[in-house]
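The values are calculated or read from the model by the stated rules, or taken from the named source; none is laboratory data. Keep in mind it's a predicted model, so treat the numbers as computed, not measured. Neighbour counts run over all protein chains shown; Cβ positions are idealised from the backbone, glycine included. Heavy atoms of the whole protein, side chains included, go into the accessibility calculation; ligands, DNA and RNA do not. Shrake-Rupley method; radii C 1.70, N 1.55, O 1.52, S 1.80 Å.
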Amino acid sequence: MSEIRFFVSATEQQTNRILDLMSFEFGEEDFAIATTEVDEKNDVWEASIYLMIEDEGDVLARVQSALAEEFPDLPVQREVIPDIDWIAKSLEGLTPVRAGRFLVHGSHDRDKVQVNDLAIEIDAGQAFGTGHHGTTAGCLEMIDSVVRSRKIRNALDLGTGSGVLAIAVRKLLPVPVLATDIDPIAVRVAAENGVRNGVPNGIEFRTAPGFHSTAFSKYGPFDLIIANILARPLMKMAPQLVNHLAPGGSVILSGILAAQRWKVIAAYNGAGLKHVRTIWRNGWVTIHLQ
């Protein structure tokens, strides 16, 4: 069954408002809603909702209704998303990766797991995050370090991808974890990976764009928030992210190029956090703040 998206093009300010309207309309339903920058110079953004093709008639009518009062002249466009698993193609043949006490491996490398390893089995699939990228490996190493030094009662994995970071927290600690992503396919794959890795309970996987979900207030505030995304969205969401952090809590951020490090730290300093430590891996950094 093909996946499609309906989207509108507008300014950043307009798409933020459109995101609010569509989030209100679709609530906790399993549709991913997101904004994407298309042209920074000309302030062109897109607000999108992702769905299966069988749902398009009803969803299109609801999108048009939600936007009718404030954005009556914005045409709703349609795109069929190609059913090609590019991530699986690009990650074939990857070898196991060690990060802290973790060993992330594919099913073909189960024999590489040693007695004291915290093994996480992730095959190349339809969601990003196998432990091989410097950002994911950096997060795993930082998670291992943080949970040794602080009491963690619950955690949030924002932008979970394959679920590897949520699974890592759950393997270290018997605490509840909320794992969210804007992509419903990623959420499904992450849940499957949780079962595969022996942690089917304790992790709540949810489709949620940004912080536009009641799940964050239901399961938060969080002692540990992990967000492996990209520098610009991390900086933009700093106030919201900190609002969901428990007093004395820790934040682990990655998806950040080394040259972007100080801008991200400055954004979170402005939101009330202080820098604790940075891990450097292959030109990328992982930052711990509290």
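The table below gives the values:
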| item | result |
| --- | --- |
| Accessible area of the chain belonging to carbon and sulfur atoms, whole % at 1.4 Å probe | 51 percent |
| Two-decimal log10 I(q)/I(0) for segment 131-289, as the Debye equation yields it once each C-alpha is a single scatterer, q = 0.10, 0.18, 0.19 Å⁻¹ | -0.30, -1.07, -1.20 |
| Residue-averaged 222 nm ellipticity for the chain, from DSSP H runs of 4+ at -39500 (n - 2.57), nearest 500 | -10000 deg cm²/dmol |
| Within segment 1-54, trypsin sites (Lys or Arg not before Pro) in DSSP loop having at most 14 other beta-carbon neighbours inside 10 Å | K41 |
| Accessible area expressed per residue, the chain, with surrounding protein chains retained (probe 1.4 Å, Å²) | 47 Å² |
| For segment 213-290 and segment 1-47, distance of Cα centres in Å | 23 Å |
| Interchain or long-range residues, amide H under 5 Å from A179's placed H | D157, E204, F205, R206 |
| Share antiparallel - DSSP beta bridges, the chain, percent rounded to 5 | 60 percent |
| Charge context of V276, other residues only, Cβ under 15 angstrom, K/R +1, D/E -1 | +2 |
| Amide hydrogen neighbours beyond the local backbone of F222, cut-off 5 Å, H modeled | L245, A246 |
| Among [x] 61, 43, 36; [y] 64, 51, 38; [z] 78, 55, 30, the entry derived from the coordinates for Cα extents along the principal axes in Å | [x] |
| J(HN,Hα) series, segment 226-241, from Karplus relation 6.51 cos²θ - 1.76 cosθ + 1.60, nearest Hz, glycine and proline x | 10, 9, 9, 10, 8, 4, 5, x, 4, 5, 5, 8, 3, x, 5, 4 |
| Trypsin sites (Lys or Arg not before Pro) restricted to segment 210-290 and DSSP loop, no more than 16 other C-beta within 10 Å | K274 |
| Amide H contacts of I120 (H built 1.01 Å from N, under 5 Å, at least 5 apart or other chain) | L103, V104, H105 |
| Set of lysines near K263 by C-alpha distance (under 29 Å), chain-local residues within fewer than 8 positions excluded | K41, K151, K236, K274 |
| DSSP bridge orientation in segment 131-289 - percent antiparallel, rounded to nearest 5 | 35 percent |
| Whole-number Å³ per residue for the convex hull built on Cα positions in segment 234-285 | 70 Å³ |
